[in-house]
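Taking it in order: structure first as structure tokens, then the write-up.
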Amino acid sequence: MKRRIIISLFCMVFILFASAGCSKEIPNRLNWEVEDFTYTDQDGEKFSLAHLRGKVWVADFIFTNCSTVCPPMTANMAKLKELVEKEKLDVHFVSFSVDPEVDTPDRLKEYGKKFTDDLSNWTFLTGYSQEEIIRMVRNSFKAIVEKEEGNKQVGHATYFYLVDQEGKIVRYYKGEKDVPYEEIVEHIKMIQE
């Protein structure tokens, strides 16, 4: 009888520790590798994947002429930025323009300043062709960018992508509405442990 109790206790303790260890793993981790890039930021400087090595970052896709999803997404990214800063987490934010022929560095800087006074850890990127961003988004983020001839609006993914220190996409989350802020912050903490 005592032996059964001891074995049962041992099993419960083992399960408790095993499940505690498992809870630190981010569920449904994607591990999609972001391909190397060198683009131009809102200050007209070169910015590459190498600048993000060793950092956790959150990416999204926007364009300054967007009349639908981009303003709320960018406002939501600004809110996420504030939340991670309150938690004292070291995170960089990257917004790729999906309309690079229109979105100059100056235009992106002006757009970013509408949502935050501090762009020190938020980079807005341009400086590539439409074809290049379509290919990069498809290959790295497994998403679609569509720009029809003569249409000023660009179809694109409305997700926030969490990327780890090795340049691998961990997860993606709703970015336009019903953003799971707490879940994203928790996953960032788990990556940085």
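Taking into account only those residues within region 177-193 that are assigned to a loop (DSSP other than H, G, I, E, B) and in contact (Cβ under 8 Å) with a residue 40 or more places away in the chain, which is surrounded by the fewest Cβ atoms within 10 Å (Cβ to Cβ)? Here the answer is E193. Can you tell me which residue within region 119-149, out of those that are among the hydroxyl-bearing types (S, T, Y) and within 24 Å of L83 (Cα to Cα), is least open to solvent (accessible area, probe 1.4 Å)? Among those residues, the one meeting the criterion is T123. Note on region 81-110: among residues that are assigned to a loop (DSSP other than H, G, I, E, B) and in contact (Cβ under 8 Å) with a residue 60 or more places away in the chain, the one that is farthest from the chain's Cα centre (by Cα) is E87.
Just a yes or no: is a residue in region 92-105 over 20 Å from F47 (Cβ atoms) and either open to solvent by less than 50 Å² (accessible area, probe 1.4 Å) or among the polar types (S, T, N, Q) (or both)? No, that holds for no residue. Given the condition part of a loop (DSSP other than H, G, I, E, B), under 16 Å from P72 (Cβ atoms) and at pLDDT 95 or above, answer yes or no: does some residue in region 161-176 qualify? Yes, that holds for at least one residue. For region 68-80, the condition of being in a strand (DSSP E or B), open to solvent by less than 50 Å² (accessible area, probe 1.4 Å) and either within 23 Å of I191 (Cβ to Cβ) or at pLDDT below 95 (or both) holds for none of the residues. Scanning region 152-164 for residues that are open to solvent by 60 Å² or more (accessible area, probe 1.4 Å) and either closer than 14 Å to V94 by Cα or aliphatic (A, V, I, L, M) (or both) gives a single hit, Y159.
The values are calculated or read from the model by the stated rules, or taken from the named source; none is laboratory data. Just so we're clear, the structure is a prediction, and the values are computed from it rather than from any experiment. As a convention, Cβ positions derive from the backbone with ideal geometry for all residues, glycine included, and neighbour counts pool all protein chains shown. Accessible surface areas use protein heavy atoms only, side chains included; no ligands, DNA or RNA. Shrake-Rupley method; radii C 1.70, N 1.55, O 1.52, S 1.80 Å.
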